[in-house]
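The values are calculated or read from the model by the stated rules, or taken from the named source; none is laboratory data. What you see is a predicted model, and the numbers here were worked out from it, not measured in a lab. Glycine also receives a Cβ, built like all others from the backbone with ideal geometry; neighbour counts cover every protein chain displayed. SASA here: full protein model, heavy atoms, side chains in, ligands and nucleic acids out. Shrake-Rupley method; radii C 1.70, N 1.55, O 1.52, S 1.80 Å.
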Amino acid sequence: VKNNMLVSLIVPIYNVEKFLNKCVDSLIAQTYKNIEIILVDDGSPDNCGELCDEYALKDGRIRVIHKTNGGLSDARNAGIKIANGKYVLFIDSDDFVEEDFVESMVSELKDDIDLVMCGKFINYSDGNVKVICPKDKLVKNIEDTIIYINSFNEINMSMWGKLFRMDIAKRNLFPVGKTSEDCFVISKYIGESKKCCILNKPLYHYYQNANSISRGKKVSMD
């Protein structure tokens, strides 16, 4: 039954000690209970590793991977490899989600809809919050979905805020050592899907950090 299948939540973690509790607490509090939460400690130099282990003792749905630092793509891949869910959601460790995040996404799955995306809150470091969300719920075929997220609409190319099929994720691991790896992989994820539902609900809280890795100046465009 689609409404009670296992969903994997994969969280790559590096040097986010001050954000991690808010992130993981929001996942534990999900109204949809049949989840596994995979915390990937990517060789974090702070106390993130210990925090992950403490969470695993508190909630049996939490699994922890400790690995040497390999970057975001490598951490996500490590999570995908051990994941058992039928679907997967990627959450960045400095972000958090609404408590009906998983339930709202899963409830849109139908025989022909196997990809779901949602709107977001942007939480700025100065405390301001901006909502970015489509006005209406949209159902699109795959070609139109790729055009939509490439056209600077409310939903962008990032991996978070999107429910993907796990079989597609396991076939298309992230390229390690590249910048903007989301763009490369998401095209494959979408290309192998059937139809996409774009929710007119903001469910994901994205933290806009002025110092984040993707906001650096020098980017290799290969």
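Scanning the stretch 114-149 for residues that are out of contact with any Asp or Glu (no Cβ under 9 Å at 6 or more places or on another chain) and among the polar types (S, T, N, Q) yields S125, N128, N141, T145. Would the stretch 158-165 turn up any residue that is in contact with a Ser or Thr (Cβ under 6 Å, 6 or more places away or on another chain) and in contact (Cβ under 8 Å) with a residue 40 or more places away in the chain? No. Picking from residues in the stretch 54-66 that are touching a strand residue (DSSP E or B) at 6+ places or on another chain (Cβ under 6 Å) and not hydrophobic (A, V, I, L, M, F, W, C), the one that is most open to solvent (accessible area, probe 1.4 Å) is H66. Is the stretch 76-95 home to any residue that is of a type in the set (F, W, Y), surrounded by fewer than 19 Cβ atoms within 10 Å (Cβ to Cβ) and in contact with a strand residue (DSSP E or B) (Cβ under 8 Å, 6 or more places away or on another chain)? No, the conditions are met nowhere in the stretch 76-95.
Scan the stretch 43-76 residue by residue and report those that are of a type in the set (K, R) and either over 24 Å from K33 (Cα atoms) or part of a loop (DSSP other than H, G, I, E, B) (or both).
Looking only at the stretch 43-76, we keep the residues that are of a type in the set (K, R), and these are 58, 61, 63, 67, 76.
If the condition is that a residue be of a type in the set (K, R) and either over 24 Å from K33 (Cα atoms) or part of a loop (DSSP other than H, G, I, E, B) (or both), then R61, K67 are the ones that fit.
Restricted to the stretch 111-141, and to residues there that are open to solvent by 20 Å² or more (accessible area, probe 1.4 Å) and acidic (D, E), the residue that is nearest to I91 (Cα to Cα) is D126. Looking at (1) in contact with a Phe, Trp or Tyr (Cβ under 8 Å, 6 or more places away or on another chain); (2) surrounded by fewer than 21 Cβ atoms within 10 Å (Cβ to Cβ), which is the only condition N47 fails? Of everything listed in (1) in contact with a Phe, Trp or Tyr (Cβ under 8 Å, 6 or more places away or on another chain); (2) surrounded by fewer than 21 Cβ atoms within 10 Å (Cβ to Cβ), N47 misses just condition (1). Looking only at the stretch 124-165, filter to residues that are β-branched (V, I, T) and farther than 15 Å from L203 by Cβ; which one of those is nearest to the chain's Cα centre (by Cα)? Restricting to residues being β-branched (V, I, T) and farther than 15 Å from L203 by Cβ, the top hit is I149.
From the list D144, D182, which one is open to solvent by 20 Å² or more (accessible area, probe 1.4 Å), assigned to a helix (DSSP H, G or I) and within 18 Å of D112 (Cα to Cα)?
Working: D182 fails: within 18 Å of D112 (Cα to Cα).
Result of the check over D144, D182: D144.
Please determine whether any residue of the stretch 12-31 is under 17 Å from the mean Cα position of the chain (by Cα), touching a residue at least 24 places away in the same chain (Cβ under 8 Å) and closer than 16 Å to A169 by Cα. Quick ask: steps written out before the conclusion?
First, the residues of the stretch 12-31 that are under 17 Å from the mean Cα position of the chain (by Cα): 12-14, 16, 19-30.
Going one step further and asking which of them are touching a residue at least 24 places away in the same chain (Cβ under 8 Å), we end up with 12-14, 16, 19-30.
Add one more test, that the residue is closer than 16 Å to A169 by Cα, and what stays is 12.
The answer is yes; a qualifying residue exists.
All of N123, N84 fail the test of being in contact (Cβ under 8 Å) with a residue 60 or more places away in the chain and either of a type in the set (V, I, T) or in a strand (DSSP E or B) (or both), apart from N123. Take the conditions in contact with a strand residue (DSSP E or B) (Cβ under 7 Å, 6 or more places away or on another chain), within 26 Å of G119 (Cα to Cα) and either open to solvent by 10 Å² or more (accessible area, probe 1.4 Å) or among the hydrophobic types (A, V, I, L, M, F, W, C) (or both) and apply them to K22. Does it pass? The answer is yes for K22.
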